[in-house]
Structures are given as structure tokens and as C-alpha cells.
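The values are calculated or read from the model by the stated rules, or taken from the named source; none is laboratory data. In this text the structure is predicted, and so the values were computed from the model without any measurement. Cβ placement follows ideal geometry from the backbone for every residue including glycine, while neighbour counts extend to all protein chains displayed. Just the protein is used for accessible areas: all its heavy atoms, side chains included, with ligands, DNA and RNA removed. Shrake-Rupley method; radii C 1.70, N 1.55, O 1.52, S 1.80 Å.
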Amino acid sequence: MSAICLNGVRKGFGDGSRYRRVIDDFSLDVATGESVALCGPSGSGKSTMLNLMAGLLPVDAGTLTLRHEGRSHDLSRLGESERTALRRRAVGYVFQFFNLVPTLTVIENVALPLALNKFGSRLPEAQRRLEALGLGDRLDAYPETLSGGEQQRVAIARALAHAPAILLADEPTGNLDARHSEQVANALFAEARRLGSALVVATHSAAVAERADRIVELAH
Ligand SMILES: Nc1ncnc2c1ncn2[C@@H]1O[C@H](COP(=O)(O)OP(=O)(O)OP(=O)(O)O)[C@@H](O)[C@H]1O
Ligand SMILES: [Mg+2]
């Protein structure tokens, strides 16, 4: 069963003569429980692809379908607010540059997707996720007081908090040393497996890409 299905997807930026295609006639199927590494040089469209899958950007042509709780949703037919509602429930996203909320503490950031989805017992679950990523002693810290690698791990805990069917991660180990890279990659792949989520990871790291079931190379 495919969790994410792209068919003939096109995406570009600018308009008229300044329109530049970044993704052209791209098709991809990611099964439930499958992991895919998106690789390719800087500027090849990895982040753009994840933004399309998350419904943050609309496709210019083609179809993009996400499966959530037994139903298929064609993002190319949904408006922005419907895409946002679906993303909140179905998608966990680890952004390349974290996007943590600066006015919330670490534990509040991780509890946020649980609160938005009106889940119960938010803080214990958020705490458990953070402890698993070695951040149990930073629960009440504010993001700006954390190192880049620590913020990265908070972003991962937050993406996993609501047990999403679709997990997207953009350079999740981009800011980490070898030990924490390993820890973060372990957490990401193990949790995706445990939850049965489809996982798509954009990465420049061969060590991370090798963990995926499949590698998809984007050409420049
Ligand atoms: N909002 C935007 N407006 C105009 N151009 C954009 C926009 N977003 C991305 N692009 C362009 O699309 C191309 C692909 O960008 P993208 O961020 O997807 O690359 P990437 O593969 O993630 O690169 P990196 O490995 O450096 O993160 C780049 O040439 C970029 O300049
Ligand atoms: Mg990128």
C-alpha cells in the first residue's frame, strides 16, 4: 500500500520567462513502512520535494497523494487550509533549519503537535521522546540556548510526537557530530519502523542514505 504517491509531478519557481523548473515529470511511490533516501547535489530539489510531500507547496502539474487512516488524499486537489489540516494529522516534518518555536521551551515544542491534535497526556509523552534522544536534562530550556545538534534532536522528537503516518526529514544529521548523527539516524529509522510510517529523508550523508530501503537520486 503506498503512503506517498507522486505521479508526473512538476514544480518550478518564478513566472513567465523567469519560470525555472526544479522538478520535472517526477514519479515516486513510497509504501507504508518503507524508507527512501532522497539524494542529489545542492539545488537539485530535495527540500522542494519534501515541501510538496508535506503540502507546504502546491504542485504545478501532476498528482500527489498521501494515505492517512485508510483514505487517500490528493494534495493537488486540496486548498491550502485542507493541506494544512492533513499535514497536522498525517505528517511529521524535520526541517533543514529546525523551525522550533523560540518562545516555547524544549518540552513545549515537542508537546505542540500533540496539543494541536488534541491528544491527551502531552507532556509525559513529549518527555519520553526527548529522553530517548538524550535531552532529558534540557526539557525546560529555550531553543536559542541549545547547540545546533541539540536543536536538531528536539526537531526530531517533535516530528515524531504525534506518531505520523508520513515522516519527512530534511538533512536530519546535517548539524551533528558522528556520535549524535548515529543516535539521530537510529531514532529516526527505528521510530519510523515501530510506527509503520513511510519515511523520506533528504540527505548528503552516505551513512544515512545507506540505512534506507531505497535511494532515489535527483539530478541537477
Ligand atoms: N521559494 C523559492 N523561490 C525561488 N526558487 C526557489 C525557491 N525554493 C527553492 N528554489 C530553487 O529551487 C532549487 C532547488 O532548491 P532546494 O532547496 O529544493 O534544493 P536542495 O536539493 O534541497 O539543496 P540543498 O542540498 O542545498 O539543501 C534551487 O535552485 C533553489 O534556488
Ligand atoms: Mg535542501
Can you pull the percent of the stretch 53-211's accessible area that's carbon plus sulfur, 1.4 Å probe, other chains left in place? 50
Degrees between helix 106-116 axis and first principal axis of the chain (Cα, 0 to 90, nearest 10): 50
Ratio of the stretch 63-220's C-alpha Rg to 2.2 N^0.38 Å, to two decimals? 1.03
Over the heavy atoms of Phe98, what accessible area does a 1.4 Å probe trace out, to the nearest 10 Å²? 30
For Asp137, what accessible area in Å² do you get when you roll a 1.4 Å probe over the heavy atoms of the protein chains, rounding to the nearest 10? 120
Heavy-atom accessible area ranking, 1.4 Å probe, most first, across Glu182, Glu125, Glu80, Glu171: Glu80, Glu182, Glu125, Glu171
How much area per residue is accessible in the chain when the probe is 1.4 Å and only protein heavy atoms are counted (Å²)? 47
Taking the Cα of Ala141, stepping 7 Å toward and past its beta carbon, and measuring to each backbone N in the stretch 160-185: which are under 15 Å? 176-177, 180
To check you understand DSSP bridge types, tell me what percent of the beta bridges within the chain (both residues inside) are antiparallel, rounded to 5. 50
With the alpha-carbon atoms as the only input, what is the per residue convex hull volume for the stretch 177-220 in Å³? 71
